[in-house]
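Take a look at the structure below.
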Amino acid sequence: MSQKRVLSGIQPTSDSFHLGNYLGAVKQWVELQDSHDAYYCIVDLHAMTVETDPKLMRKRTLTSAAQLLAFGISPEKATLFVQSQVPAHNQLGWVMECLTGFGEASRMTQFKDKSQKSGADTTRVGLFTYPMLMAADILLYQTNLVPVGEDQRQHIELTRDIAERFNSKYGKTFVIPEGYILKEGAKIFDIQDPTAKMSKSAGSGAGLIEIMDTPEANLKKIKSAVTDAGREVKFDAKEKPGISNLLSIHSALSGKSIKSLELEFDGKGYGDFKTSVAEVVVEYLRPIRSKALELLEDEPYLLTILHDGAQKASSVADKTLEQTYKNLGLVL
Ligand code: TYM
């Protein structure tokens, strides 16, 4: 039996991924590559929906590839590629735009939040059509599973709606994908403001744990993480959002269950617990950062992996695009 297919994407919008990206998504990418036919995409076209600096775009795309490989994405097991190197993404993106209602797209909460923050004059049209390009990314590969964090749930719902609409109007063309969203860890919060999602665009950066940051800087940040009233180390997302977030992080990286961590820190204070979280995170990330820095020294190697990946991705994507065009009655 052939393996089910997995696809996911990540934006190269920063010099480093953060712990939310890893725990919400990339950790699952690494696990799923063993049992699935996996396609992982650095979505540089999505990153253009905000102001971009060409030098940074290039650097961050390569840094993204280095980090993904350092986390354990293996070019032998998974196809790692850059979105702009596979033109079918733009081509199917247009088809997706023509199948999406204006009202439907206007209901995307990420668009609403981001456009409200920056105002109508600076919001790009590309930010509005972003979810349709994401639908194309997914549908081109006849994807079964899409491992992402909680914040992408609505985009996957939209993708399913568009795919179902297309299939019923023009004949079965796309596999209907499903989100692969963890129950625990699908939303990692800012460690200074545990009511907000950990994100590169929010806050001062003090609440963001970045993979490429030095171990010393991350140790310091975690030791000064915000905690809650009381002294008990107990998971309670409502009453203790700070401690609950740190428990989720510890558990995901140490492999210990939340229950066993509560027992381990029973009677000990928040200080001891935060020290333990800091050590677990720093020791987990240390070899990953070193490996990524080492890979960045060898740009030709990174480029070869990405070019090979794009070739393989194109061969799958082009087939879906051709079938889509055919079903739409385009002259081929
Ligand atoms: P992006 O680049 O913002 O984030 C990459 C992945 O990280 C997850 N994530 C989080 N998970 C848990 N807690 C957090 N605080 C947190 N912050 C980010 C995201 O959910 C995501 O899985 N639109 C996508 C990129 C994309 C894509 C795709 C994904 C484009 N095409 C096709 C899947 C399939 C995005 O902006 O992710």
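The values are calculated or read from the model by the stated rules, or taken from the named source; none is laboratory data. On a predicted model such as this, the values are computed, not experimentally measured, just so you know. Don't worry about glycine lacking a Cβ; one is built from the backbone with ideal geometry, like all the others, and counts go over all protein chains shown. These area figures cover heavy atoms from the full protein model, side chains too; ligands, DNA and RNA do not enter into them. Shrake-Rupley method; radii C 1.70, N 1.55, O 1.52, S 1.80 Å.
Residues LEU69, LEU19, sorted by accessible area with the largest first, give LEU69, LEU19 [1.4 Å probe; ligands and nucleic acids excluded].
Charges were assigned to the Cβ only: +1 to each Lys and Arg, -1 to each Asp and Glu. The resulting dipole of the range 167-258 about its Cα centre is roughly 280 debye.
Taking all protein chains as they are arranged and a probe of 1.4 Å, the heavy atoms of GLU294 leave approximately 110 Å² accessible to solvent. With the Cα gyration tensor of the range 116-188 giving a ≥ b ≥ c as the square roots of its eigenvalues, does the rule (a/c under 1.5 for rounded; else a/b larger than b/c for prolate; else oblate) give rounded, prolate or oblate? Oblate.
In the assembled protein chains, LYS187 presents an accessible area of approximately 100 Å² (probe radius 1.4 Å). Determine the shape class of the range 57-175: with a ≥ b ≥ c the square roots of the Cα gyration tensor eigenvalues, call it rounded for a/c under 1.5, and otherwise prolate if a/b is greater than b/c, oblate otherwise. Note, shape of the range 57-175 comes out oblate. Measuring against 22 Å, Cα to Cα, the residue pairs LYS117/LYS183; LYS114/LYS238; LYS223/LYS268; LYS59/LYS223; LYS200/LYS259 contain LYS117/LYS183; LYS114/LYS238; LYS59/LYS223; LYS200/LYS259 as the ones spanning a longer distance.
For HIS307, the accessible area of its heavy atoms, probed at 1.4 Å with every protein chain present, is near 100 square angstrom.
Charging the Cβ of each Asp and Glu at -1 and of each Lys and Arg at +1, and nothing else, the dipole of the chain about its Cα centre rounds to 460 debye.
Taking a span of 27 Å or more along the helix axis (Cα atoms) and a mean Kyte-Doolittle hydropathy of at least 1.6 as the rule, no DSSP H helix of the chain qualifies. Around the Cα centre of the range 5-118, unit charges on the Cβ atoms of Lys, Arg, Asp and Glu (plus for the first two, minus for the last two) sum to a dipole of about 240 debye. Here the accessible area is traced with a 1.4 Å probe on the protein chains. For the chain, carbon and sulfur cover 53 percent of it. Accessible surface for the range 85-213, divided over its residues, is 47 Å² per residue with a 1.4 Å probe.
Close amide H partners of GLN33, meaning residues 5 or more places away or on another chain with modelled amide H under 5 Å apart, do not exist here. Projecting the Cα positions of CYS98, VAL43, GLN154 onto the charge dipole of the range 42-161 (unit charges on Cβ atoms of Lys, Arg, Asp and Glu, taken about the Cα centre) puts VAL43 furthest along the positive direction.
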